[in-house]
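Worksheet: one structure, shown below.
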Amino acid sequence: MRLVVVSNRVTIPDRHEKATAGGLAVALREALEKYGGLWFGWSGAVGEDTRQVQRGNVTYAVTDLTEAERQSYYLGFSNRALWPIMHYRLGLTEFQRSDYMGYLGVNRRFARALAGLIQPDDVIWIHDYHLIPLAAELRRRGVTNRIGYFHHIPWPSADVLGALPFSATLVRTLAAYDLIGMQTELDVRNLIGGLVDLCGARQEGRRVRLGARETLMQAFPIGIDVEAFRRLAAASVRRAVTPLRATRESLGERKLVIGVDRLDYSKGIVQRLEAFGQFLRSHPEQRGNVSLLQIAPPSRSDVPEYAELDRMSDEVAGRLNAQLGEFDWTPIRVVKKAYSRTALAGFYRRAQVGLVTPMRDGMNLVAKEYVAAQDPADPGVLVLSRFAGAAQQMGEALIVNPYDTHEVAEAIRTALAMPKSERIRRFEQLYHVIETTDIDWWRRRYLEALTGVPLSTGAVEPPRKTGTRTKGDSATRRASRAKGAAVPGRTDTKSRAVAAGHKASPHPGDAGHSTPVR
Ligand code: ADQ
């Protein structure tokens with residue numbers, strides 16, 4: 001079997017690039033290296049070039065987009081129609097027929113190029129909303145291989161999605177897949193509902209029949225490389241990188257609340273700043289004792305809604321700082337740049353509160369990274385939106401409604417005042433969840449479902465519900481890892497790779513750190 005991965009964006013690794021710590025890009029690359037394979041997608045450039053690059057047993061086949069394709073397929077239909085509607089933001093959804101035609105055109109062009117590269121025993125794994133109709137286009141060209149799709153963002157109910165013109169036609173193309181993976185059970189239910197309501201499909205449990213095809217739908221909550229992140233964070237205490245050292249010096253003994261997101265309206269950044277302002281107004285005794293650091297590198301700046309968000313976040317932070325700040329204390333710092341994984345892990349570890357409050361999110365990896373980075377002996381507290389897919393697994397966080405500024409403000413207060421024993425109890429349960437459903441688990445489980453073949457000798461552990469910890473191997477392993485002890489069965493290669501750190505991309509949202517598919 002050879003694996004073929006298709007994603008909107010493909011970053012060809014440097015010839016001498018060392019393995020980096022964690023993330024989806026690395027997980028997919030590892031799978032490709034294990035089975036040999038092909039990674040196909042957009043080069044990220046505008047032009048007319050198409051090229052193939054060989055790295056070991058993996059071929060990277062990338063193609064440029066024309067400016068018209070970038071406008072219609074990427075910025076237009078993918079990011080001004082599908083992205084907002086999938087995040088339940090009907091008011092922000094901008095539909096243009098010409099964008100939709102461009103979207104279909106790029107999917108057709110990708111299928112034409114890809115079909116010529118497919119071998120009979122290949123298994124094809126397609127990622128995300130940019131490429132929904134790709135399997136249908138491949139089938140039209142006679143490709144009969146097994147094809148899977150993973151949807152990284154939420155899938156709304158048929159009622160919401162039905163407002164998008166041509167949604168029934170688009171949803172119908174999903175029947176060309178053998179397996180569709182979603183982040184949560186809610187997304188799976190919504191998708192099945194959509195296929196039934198909009199396309200007249202027949203449901204048999206987790207399988208949906210449409211015409212002659214049968215498709216399996218399943219939730220595969222994505223994870224992170226927990227162990228790699230834990231090590232990076234622990235190392236940051238010994239070897240603080242420059243931005244971290246500077247932050248420590250300027251913060252002194254003050255407490256830190258942290259938010260880390262691409263600058264995207266789905267992440268609830270402006271609402272979060274307001275909630276922090278509300279917290280300081282309701283609890284004046286906290287003024288001067290705590291600061292919010294919001295790290296938010298701009299993404300998709302060509303889309304007007306994103307440019308507007310950029311402006312608004314500056315305006316709100318400026319207003320709150322002017323109203324609440326003191327000559328020797330700035331309540332909110334907004335930093336609009338990408339950081340290395342090492343620096344990020346260090347920031348998370350320094351923060352007493354991780355504020356992850358998206359208005360809607362497929363999963364949200366920042367919530368998992370924050371937990372992975374904590375000091376097990378003195379962990380911080382995660383405040384998490386109930387509308388992040390991660391909330392389905394991470395019930396021991398302080399779960400909030402991001403639309404309720406007062407509720408978020410009170411959660412910040414509760415988190416800052418939480419006794420250490422309670423923080424440790426919650427941390428241990430959360431760590432257990434993210435460790436048993438890490439990125440390897442996700443990749444293995446998906447590929448096993450797609451191929452029908454167990455892909456590894458290691459047992460695949462099912463996710464456990466929060467609060468139902470059992471004693472045994474895994475708990476012991478977690479405890480010893482969390483304390484930094486050597487873990488049997490882990491090779492040194494992995495830890496060396498982690499120590500090598502991770503170079504920040506200049507465009508984190510688009511090139512992606514953990515998410516190569518945005
Ligand atoms: P995203 O919307 O990009 O992903 P998220 O899951 O939070 O959201 O992942 C963002 C990644 O970028 C994290 O790994 C984070 O560390 C990194 N990042 C953010 N800001 C950074 C900065 N300033 N410097 C360095 N790194 C930064 C989409 C979906 C999510 C889903 C993922 C994976 O929207 O819901 O969890 O795909 O499936």
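The values are calculated or read from the model by the stated rules, or taken from the named source; none is laboratory data. Predicted, not measured: the structure shown is a model, and the values here were computed from it. SASA here: full protein model, heavy atoms, side chains in, ligands and nucleic acids out. Shrake-Rupley method; radii C 1.70, N 1.55, O 1.52, S 1.80 Å.
What does the helix-only formula give at 222 nm for the chain: each DSSP H stretch with n ≥ 4 adding -39500 (n - 2.57), the total divided by the residues, and the result rounded to the nearest 500 deg cm²/dmol?
When only DSSP H runs of four or more count, the value is -12000 deg cm²/dmol.
Could you bin all the Cα-Cα distances of region 361-403 into 5 Å bins starting at 0 and give me the percent of pairs in each, rounded to whole numbers?
6, 25, 33, 23, 10, 4, 0
Output the relative contact order of the chain, whole-number percent, from Cα pairs under 8 angstrom with separation of 6+ residues.
17
Expressed as an acute angle from 0 to 90° and rounded to the nearest 10, what is the orientation of the C-alpha long axis of helix 185-199 relative to the principal long axis of the chain?
It is inclined by approximately 40 degrees.
Give the accessible surface of the chain per residue, rounded to a whole number of Å², with probe radius 1.4 Å and ligands, DNA and RNA excluded.
For the chain, the per-residue accessible area is 39 Å².
With axes computed from alpha carbons, what is the tilt in degrees of helix 420-436 against the longest principal axis of the chain, rounded to the nearest 10 within 0 to 90?
20
Kindly provide log₁₀ I(q)/I(0) values, in the same order as q = 0.19, 0.20, 0.23 Å⁻¹, from the Debye equation applied to equal alpha-carbon scatterers of region 125-191.
The Cα Debye sum returns log10 ratios of -0.73, -0.81, -1.03.
Once the convex hull of the alpha carbons of region 193-343 is built, what does its volume come to per residue, in cubic angstrom?
Once divided by residue count, the hull of region 193-343 is 199 Å³.
Over the Cα atoms of region 182-273, what is the Rg over Rh ratio if Rh follows Kirkwood?
Reported Rg/Rh, Kirkwood definition of Rh: 1.24.
Computed on alpha carbon atoms, what radius of gyration and Dmax characterise region 368-453, expressed in Å?
15.3, 50
Extension gain R254-D378, at 0.36 nm per residue separation less the Cα-Cα distance, in nm?
The R254-D378 span can extend by a further 43.1 nm.
Based on the Cα atoms of region 66-111, what semi-axes does the equivalent ellipsoid have, where each is the square root of 5 times one gyration tensor eigenvalue, given in whole Å with the largest first?
20, 10, 8
Give the shape of region 66-208 as rounded, prolate or oblate, defined through the alpha-carbon gyration tensor: a ≥ b ≥ c are the square roots of its eigenvalues, a/c under 1.5 means rounded, and otherwise the shape is prolate if a/b is larger than b/c and oblate if not.
oblate
Compute the distance from the alpha-carbon center of region 198-229 to that of region 68-132, in whole Å.
Using only Cα atoms to place each centre, the spacing works out to 19 Å.
Classify the chain from the C-alpha gyration tensor, please: rounded if a/c falls under 1.5, else prolate or oblate depending on whether a/b exceeds b/c.
prolate
Suppose accessible area is computed on protein heavy atoms with a 1.4 Å probe; arrange F276, F387 from highest to lowest.
F387, F276
Fully extended, how many nm does the chain gain between D49 and R209 (0.36 nm per residue separation, minus their Cα-Cα distance)?
Length difference between fully extended and current span is 53.7 nm.
Sort K420, K267, K34 by heavy-atom solvent-accessible area, probe 1.4 angstrom, most to least.
K34, K420, K267
Under the Kirkwood approximation for Rh and a Cα-based Rg, what ratio Rg/Rh is obtained for region 1-153?
0.97
Using only the alpha-carbon atoms, what does region 191-241 span along each of its principal axes? Please give whole angstrom values in decreasing order.
Over region 191-241, Cα extents along the principal axes are 60, 16, 15 Å.
May I ask you to give the percent of accessible area on the chain that is carbon plus sulfur, with a probe radius of 1.4 Å?
The nonpolar share, carbon plus sulfur, comes to 50 percent.
Could you tell me how many degrees, from 0 to 90 and to the nearest 10, lie between the Cα long axis of helix 97-115 and the main elongation axis, the longest principal axis, of the Cα atoms of the chain?
70
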